[in-house]
Amino acid sequence: MERVEGSGGREGAEHGRPILDSAASRMAARCVDRFARDDTVVASKTNAPLVALGEIREHMAHSPIKRNDDHHQGDRPIMTTTIDTTTPTSTEPGYAGQTFLASDEISIRRIEKADARFSMSGRASTFPISPAVTEEWITSDLSKGRESWYAIVRKADDRVVGSCVFHPHRVNTEVKVTIDPLFGEAAARWKAETIRLVLPWRVDETQAMSVSVTLDGDEVEAIAAAIDLGAREAARTPGLIRSPRTGEWVDQVCLVYLNRTWQDRLPVPTLGNLVRSGTGEPRPVPAKGTWEGAPSRGAILVGQRVYLKAVDTDDASEMARLGRIDPGAYPGGFRAVNNAENMAHRRLEDITQRLRRDIGFAVRLRGDDRLIGEVAVLGVDYVNQTGETASWMFDPDFRGSGYGSEAKHLLLEYCFDILGLRAVQSRVSTENARSAAALRKQGYREAGVIPWVELDHGFLSGDIIFHLSAEEWRALPRAKAPERETA
């Protein structure tokens, strides 16, 4: 729109530009307050200015506006202005000028606030998430986590079609690539192209040691793209995932892309070169127990010597104390300096959620209620009916005597018979032969090794991936309960 100005009016003494009187300034301010979320401010019946929101602050300082005669006071001449309301927009797409992380069809960039309108394409969620919730997540929570989130954008129309998330460990970085399945065959093509772009960028260009990416076994195009780059299959867990493409249960495949420079200098752990202990044969599942009289407060599952209970503040306080005493309380061989508040927050914050992803139990002795450990199922996936088990034995006097295995089998009973999970996984450092042997005795099988995950006493340790299905666990031999003594 053409700008037409009248004559006369007050002028700034130094700049020679008309300025708003106080009434006009108040009117413009009310427009900003009222229409702060609109793209434009619409003229009112009193001929309030028609001003693009992005321009109103500038014009409040020095632009004349049209005023209605009914509101004109004093003998100053009336000044009229018609202001251009079109908001300048760039005709260039968001990827213009980007020289990396871009292909013929897609580009990859950081997630921005405007991406919230593509909420379900950019966030891999089973549950519906509104754009408003996603916008709040982008503006307040996104920057607080360890993960780095990137948007995968279709270049044809600058539309977000998926996301790429980097989760860093001390050495390895886990990458999760998600493309909205609504895009059909193109989704598989774009996922493969994303892998071709991000793996070399993360390792070869930024000089990361290694990157791992987990894919469904039927994502043939994406798996082939990773292998063509030089990635290797590190672990394969059979029948763990229900394919969203076919509805069939398929393997979960983990591939790793290693820094080529370091491959020539450092050993790469595999199942073939692991340090092993024990026979590797599973042992009978310990017999369940019963509780005569009133059970201990909070007891949920009972064995012959130990029971599992919900973690409370007393447990958290004792966990913090034991963690400060014994280097073997947690993996890594170092003593964790925690307090009761921190331990309680980490374990109790998820309790109010209707679908809890992390579920932990304190392990206590039946005889004197002494806290000796903790077991948990983490990252519960209620769609694929899977989770990851973990256990810690705080008191060294109760390691190597079967107490940990008894507690673990109570946890597995909870996973399979109460939660209804189909299978569980577990991870153990390649330097932790004792814990790996314990998992084998409990019936877990090896799925593979992810190399170069953490620094461990001068070594680059990896993670041994174990898995156990509900069917396999139920097929394990069962120990008989000891006979009760009779008077």
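Derivation of every value follows stated rules applied to the coordinates shown; laboratory data play no part. As the structure is a computational prediction, the values presented were derived from the model and not from experiment. Note that each Cβ is placed from the backbone with ideal geometry, even for glycine, and that neighbours are counted across all protein chains shown.
For this structure, a couple of remarks:
- 3J(HN,Hα) along the stretch 98-111: 6, 9, 9, 6, 8, 10, 5, 10, 10, 9, 10, 8, 5, 5 Hz, from the Karplus curve 6.51 cos²θ - 1.76 cosθ + 1.60 with θ = phi - 60°, whole Hz, x for Gly and Pro.
- Placed amide H near residue 423: partners under 5 Å, 5+ positions off or other chain: 387, 470
- Residue exposure sequence - 361, 183 - by fewest surrounding Cβ within 10 Å: 183, 361
- Counting beta carbons within 10 Å around each of 277, 391, 210 and listing the fewest first gives the order 277, 391, 210.
- Kirkwood hydrodynamic radius of the stretch 106-266, from inverse mean 1/r over distinct Cα pairs, in Å: 16.4 Å
- Taking amide H positions as modeled 1.01 Å from N, with prolines and chain starts lacking one, the residues under 5 Å from residue 456 and 5 or more places away or on another chain are 461.
- The distance between label points at residue 104 and residue 117 comes to 2.9 nm (points 7 Å beyond Cα on the Cα→Cβ vector).
- Out of every Cα-Cα pair that the stretch 355-429 contains, those further apart than 14 angstrom amount to 60 percent.
- Straight-distance crosslink candidates among lysines, where the alpha carbon sits under 17 Å from residue 191 and sequence neighbours closer than 8 are dropped: 155, 176
- Integer Hz, Karplus 6.51/-1.76/1.60 couplings in order for the stretch 373-388, x for Gly and Pro: x, 8, 10, 7, 10, 10, x, 4, 9, 6, 7, 8, 6, 9, x, 10
- Global geometry of the stretch 241-322, whether rounded, prolate or oblate, following the gyration tensor of its Cα atoms and the 1.5 cut on a/c: prolate
- Between the C-alpha center of the stretch 121-169 and that of the stretch 370-420 there is a gap of 33 Å.
- Amide hydrogen proximity for residue 234: with H placed 1.01 Å from N in the peptide plane, the residues at 5 or more positions away or on another chain lying under 5 Å are 254, 255, 256.
- Applied to the stretch 407-420, the Karplus parametrisation 6.51 cos²θ - 1.76 cosθ + 1.60 on θ = phi - 60° returns per-residue 3J(HN,Hα) values of 5, 5, 5, 5, 5, 5, 4, 5, 4, 8, 9, 9, 6, x Hz, with x for Gly and Pro.
- Among 459, 466, 394, the order by Cβ neighbours within 10 angstrom, fewest to most, reads 459, 394, 466.
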